[in-house]
Amino acid sequence: MSAIAKQLFTSFGKVTDTFARAIIVSVVAALQFGFSQASANDELYHFPKIEKYLIDSEFIDQTYEIHVMLPISKKDGSEKFPVLYMTDANGDIPFSSNTRIMQAAAELPRFIVVGIGYPVDNIYEALNLRQRDLTPMESEPVANDLPVEGIRIIQSGKKTGGAPEFLQFIREQLMPFINERYNTVPSDNGYFGHSLGGLFGLYTLFHKPETFNRYIIGSPAIWRDNEVIFSHAQEFLKVNDALDISVYMAVGGMEERGRPDAHFVSGLYRMDALLRSKPIEGFMLKTEVFPEESHISVYSMVHSKGLRAVYGPAKCLPFRPGECE
């Protein structure tokens, strides 16, 4: 019973007027009903709205547009969740509806999704920006001569090779920002990236593996910078004997038809073989090739299969926690 209701009941014993007593009884009943309804509402589950932030990087001259999606969760905000960080979230979070439905159906455990993008209207406008942030070495940028208006031009500073600064932004600025504002599990972070985003995922794994403990790497652009990422992988193997990390890599089997020089498929096979050449305690690796998929069509499959590979299914439906026991 609330303090207000208790006070009214105490007063109730001192009131002799019948009408006044009736009023007090009605008020107490209404209060009790209101409190019970509030308690019931706190127990309800909901899909929070996706929130958006603009964050100026302290490490490179760039404003990033950050989208944050919480899973189906209690309205009182009492639950804690791991976090998955995704690159190329330009305008929205890729496959946000699918992720939420899979979590609500217990095909995935619940986690927060943080989409990292740019304040642009579509991915084409960000082609040069992502080429800067997701590549490990400064080199001649790949020309984007598409007849699409609005493609952002980088006027000064690095045009490629910005992966170190981008990773620094994620580790030292974005992650603290998210952990301060949301009820997270700071020790459980995942990464999802495709194409250049996949290359950046490998770069992070090989240089700062502890940044994430779950990596989903889709069709990584291993061919960039004369395949320098292989030398990074070799150094990674030399210095690591134990890592509690799960990695999922995948590619579409048809990706080399359009660009045989990019070695998307054969390069991933070689990377898989290299990473398996030295046993690392706790390091889990799964690699898949989807035979009939292209560089674009495989994206959705990497998302669905990759999330299930590194997270596994939930133990129970989110709104039936008793089934977890």
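The values are calculated or read from the model by the stated rules, or taken from the named source; none is laboratory data. Given the structure is predicted, the values throughout are model-derived calculations rather than measurements. Virtual Cβ from ideal backbone geometry, glycine too; neighbours counted across all protein chains shown. Just so you know, the surface numbers come from the protein's heavy atoms only, side chains and all, with ligands and any DNA or RNA stripped out. Shrake-Rupley method; radii C 1.70, N 1.55, O 1.52, S 1.80 Å.
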With every protein chain left in place, what is the accessible area per residue of segment 214-297 in square angstrom, probe 1.4 Å? 49
Non-local residues with an amide H under 5 Å from the amide H of Val185, with H modelled 1.01 Å from N and Pro and chain starts lacking one, are Phe81, Val83
Portion, in percent, of the accessible area of segment 161-250 that falls on carbon or sulfur, probe 1.4 Å: 44
Of segment 163-180, those with amide N under 15 Å from the point 7 Å along the Cα→Cβ vector of Lys208 are 163-179
Quick one: with all protein chains in place, what share of the accessible area of segment 65-157 is carbon or sulfur, to the nearest percent (1.4 Å probe)? 49
Amide H neighbours of Met249 under 5 Å, counting only residues 5+ apart in sequence or on other chains, H built in-plane at 1.01 Å? Ile217, Lys286, Thr287, Glu288
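Please figure out what share of the DSSP beta bridges in segment 35-189 is antiparallel and state it in percent, rounded to the nearest 5.
Restricted to segment 35-189, the bridges split so that about 65 percent are antiparallel.
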Per residue accessible area in Å² of segment 91-147, where ligands, DNA and RNA are left out and the probe is 1.4 Å: 43
Counting Lys +1, Arg +1, Asp -1, Glu -1, what net charge surrounds Ala314 among other residues with beta carbon under 11 Å of its beta carbon? +2
Provide the per-residue ³J(HN,Hα) series for segment 122-139, in order, calculated from phi with Karplus coefficients 6.51, -1.76, 1.60 and θ = phi - 60°, each as a whole number of Hz, with x at glycine and proline positions. 7, 5, 5, 5, 9, 4, 6, 5, 5, 5, 6, 6, 9, 9, x, 10, 6, 7
Kindly work out what percent of the DSSP beta bridges joining two residues of the chain are antiparallel, to the nearest 5. 30
Whole-number D in µm² s⁻¹ for the chain, Kirkwood Cα-pair radius fed into Stokes-Einstein, 25 °C, 0.890 mPa s: 111
Using a Förster distance of 45 angstrom, determine the FRET efficiency expected from the C-beta separation of Tyr45 and Met301, and round it to 0.05. 0.95
Before rounding to the nearest 500, sum -39500 (n - 2.57) across all DSSP H runs of length at least 4 in the chain and divide by the residue total; then give [θ] at 222 nm in deg cm²/dmol. -11000 deg cm²/dmol
Sequence order, segment 315-320: Karplus ³J(HN,Hα) from phi using 6.51 cos²θ - 1.76 cosθ + 1.60, θ = phi - 60°, Hz rounded, Gly and Pro as x, gives 6, 6, 5, x, 9, 10
